[in-house]
Amino acid sequence: MNIDELLIYHCSPTLAGLKMGSLLCLPRRESLDDYERIIDTYNHKYNPKGLHFRLLFCCPQRTLLYVYRPEKVAAYIRQHHIRSFLHQYGYAPCTDLNASLDHLVSRFAEGGCFPHESGIFLGYPLEDVCGFITHKGNCAKLCGYWKVYGDADKAVRLFRQFDSCRKDYVNRFAVGTTLESLIIA
């Protein structure tokens with residue numbers, strides 16, 4: 001499977017502008033330079049449409065690619081309750097998205113595990129991120145695109161919307177629609 005196909009399958013709600021961000025786990029290649037070149041190309045092509053790509057973590061087994069809509073992520077993390085939450089994990093109280101993403105990269109690097117606050121950068125509700133941390137991933141009301149500890153009805157509606165988007169994008173891509181034309185500006 002090539003990266004375009006992976007993006008369509010795993011990131012279609014973000015490509016469509018329905019979701020602020022997605023994480024794509026890529027197999028590790030021989031050289032990180034390969035991914036960096038691809039990411040540079042994607043950023044050059046798709047940043048004008050409001051879609052950005054950033055490597056968050058690399059290890060011998062995998063590379064994590066963050067696919068995101070900076071305006072949406074920045075607006076979300078500017079909210080007072082989100083800033084307060086992120087501050088607990090060492091994020092500066094400023095609302096500079098690049099500084100926050102730099103800190104997220106360092107959080108991935110320092111622990112070797114998935115920082116729980118990364119759900120914020122994917123658009124997960126704060127209640128669900130906090131619930132995951134409190135319950136250590138157990139006792140969720142619902143498990144879909146994330147584990148839900150708060151409003152399950154709202155999450156079900158979102159999950160259905162995301163599933164529908166994925167199905168539509170996969171089908172359109174399969175009949176020759178290009179990745180570029182599927183990215184909503």
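Looking only at residues that are hydroxyl-bearing (Ser, Thr, Tyr) and surrounded by 16 or more Cβ atoms within 10 Å (Cβ to Cβ) in segment 53-90, which one is farthest from Gly119 (Cα to Cα)?
Checked segment 53-90; the qualifying residue farthest from Gly119 (Cα to Cα) is Thr63.
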Taking segment 1-53 as the search range and keeping residues that are part of a helix (DSSP H, G or I) and in contact with a Ser or Thr (Cβ under 8 Å, 6 or more places away or on another chain), which one is farthest from Leu182 (Cα to Cα)? Leu32
Regarding segment 112-122, can at least one residue be identified that is among the aliphatic types (A, V, I, L, M), exposed (fewer than 14 other Cβ atoms within 10 Å of the Cβ) and within 27 Å of Phe57 (Cα to Cα)? no
Are any residues in segment 113-129 in contact (Cβ under 8 Å) with a residue 12 or more places away in the chain, not aliphatic (A, V, I, L, M) and not in a helix (DSSP H, G or I), and if so, which ones? Pro115, His116, Glu117, Gly123, Tyr124, Pro125
On the basis of being without any contact (Cβ under 8 Å) to a residue 60 or more places away in the chain, assigned to a loop (DSSP other than H, G, I, E, B) and closer than 26 Å to Lys49 by Cβ, does Thr63 make the cut? no
Which one of Tyr46, Tyr91 is touching a strand residue (DSSP E or B) at 6+ places or on another chain (Cβ under 9 Å) and hydroxyl-bearing (Ser, Thr, Tyr)? Tyr46
Lone qualifier among Ala92, Ala99 - being assigned to a loop (DSSP other than H, G, I, E, B), within 28 Å of Cys59 (Cα to Cα) and either of a type in the set (Ser, Thr, Tyr) or free of Cβ contacts under 8 Å to residues at least 24 places away in the same chain (or both): Ala92
The correct count of residues that are at pLDDT 95 or above and either surrounded by 16 or more Cβ atoms within 10 Å (Cβ to Cβ) or under 29 Å from His116 (Cβ atoms) (or both) in segment 135-185 is 35
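The values are calculated or read from the model by the stated rules, or taken from the named source; none is laboratory data. This structure is a prediction, so every number in the text was calculated from the model and none was measured. Neighbour counts are summed over all protein chains in view; Cβ atoms, including those assigned to glycine, are modelled from backbone coordinates with ideal geometry.
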